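The values are calculated or read from the model by the stated rules, or taken from the named source; none is laboratory data. These numbers come from a predicted model, not from an experiment. So basically every Cβ, Gly included, is an ideal-geometry build from the backbone, and we count neighbours across all protein chains shown. To get the accessible areas, we keep the full protein, side chains included, count just its heavy atoms, and leave off ligands, DNA and RNA. Shrake-Rupley method; radii C 1.70, N 1.55, O 1.52, S 1.80 Å.
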Amino acid sequence: MDDTRTLLDIKEYPDTEVQKDRVLTLEEWQEKWVSRKIRFHQEQGHRLLKKHLDTFLKGENGLRVFFPLCGKAVEMKWFADLGHSVVGVEISELGIQEFFTEQNLSYSEEPIMEIPGAKVFKSSKGNISLYCCNLFDLPRANIGKFDRIWDRGALVAINPGDRERYADIMLSLTRKGFQYLLAVLSYDPTKHAGPPFYVPDAEIKKLLGSVCNIHCLEKTDVFEEQHKSWGIDYIVEKLYLCTEK
């Protein structure tokens, strides 16, 4: 127990700029799906989201929930089953198709007129719409505003140089009274180049603090055997709830 407490109290790595020039292309992300390098996908859903779901939803019904860089996140089905409307964006068409197949959901697809070459995949019930395009093109599709954003595997995947642009888009999609639930990772960024990228507390405050109250709900040790291959010896996940100021 003492080891865990000590680990979770580790001061953040001082050099927050070490990964700032790291860039992955959209093609590289698409290739991860083709070559099945998708360890970021969590088949059972996110444990901390389950734990803090009531805090996130506040007992409200019929919410619009946004999933940036959604992949085939099983939580999209959870929210739809609870009566909410889900919108996601993902560059990999394969990931989107796998979501509908694995969740046994019939769907249709149609072009997004505002974004050449992009498509939107919609569940037959109409409560899940997944946009297959570059996230930075999404505002042109006029997808409306959201009550909730669940950001797990998105901010930590965006190239560090694009974070301000990303945060601006996220905040532009929020409705009055929004709640933005954000999961990030803390580790020694000199030992692993990312992704997932290291996102320090100060960065979250810089990106979201002018608009949001930011509250850390939980920190948890998520180190697993696979992380040894990254060259790191600890990794902490932090869950933040960002609400309207």
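Scanning region 106-122 for residues that are acidic (Asp, Glu) and part of a strand (DSSP E or B) yields Glu109, Glu110. Scanning region 68-78 finds one or more residues that are open to solvent by less than 20 Å² (accessible area, probe 1.4 Å), in contact with an Asp or Glu (Cβ under 9 Å, 6 or more places away or on another chain) and basic (Lys, Arg). None of Leu63, Leu94 is open to solvent by less than 10 Å² (accessible area, probe 1.4 Å) and over 17 Å from the mean Cα position of the chain (by Cα) except Leu63.
Here is a yes/no grid of residues against (1) over 22 Å from Glu224 (Cβ atoms); (2) in a helix (DSSP H, G or I); (3) in contact with a helix residue (DSSP H, G or I) (Cβ under 6 Å, 6 or more places away or on another chain):
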position	(1), (2), (3)
Arg140	yes, yes, no
Ile158	yes, no, yes
Ala167	yes, yes, yes
Gly177	yes, no, no
Thr190	no, no, no
Ala193	no, no, no
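I'm trying to understand the selection: among the residues of region 91-117, which are within 14 Å of Asn134 (Cβ to Cβ), in contact with a strand residue (DSSP E or B) (Cβ under 6 Å, 6 or more places away or on another chain) and not β-branched (Val, Ile, Thr)? Of everything in region 91-117, just one residue is within 14 Å of Asn134 (Cβ to Cβ), in contact with a strand residue (DSSP E or B) (Cβ under 6 Å, 6 or more places away or on another chain) and not β-branched (Val, Ile, Thr), namely Glu93. Checking each residue in region 31-50 for being open to solvent by 30 Å² or more (accessible area, probe 1.4 Å) and modelled with pLDDT of 80 or more picks out Glu31, Lys32, Val34, Ser35, Glu43, Gln44, Arg47, Lys50. Applying the set (1) modelled with pLDDT under 95; (2) of a type outside the set (Val, Ile, Thr); (3) within 22 Å of Ser186 (Cβ to Cβ); (4) in a helix (DSSP H, G or I) to Glu27 leaves exactly one unmet item: (3). Return the residue satisfying two criteria in turn: it lies in region 172-191 and is of a type outside the set (S, T, N, Q) and open to solvent by 30 Å² or more (accessible area, probe 1.4 Å), and of such residues it is modelled with the lowest pLDDT. So the residue we want is Lys191. Only one entry in Leu241, Leu207 is assigned to a helix (DSSP H, G or I), closer than 22 Å to Asp147 by Cα and modelled with pLDDT of 95 or more, namely Leu207. Only a single item in (1) part of a loop (DSSP other than H, G, I, E, B); (2) under 22 Å from Ile169 (Cβ atoms) is not met by Gly83, and it is number (2).
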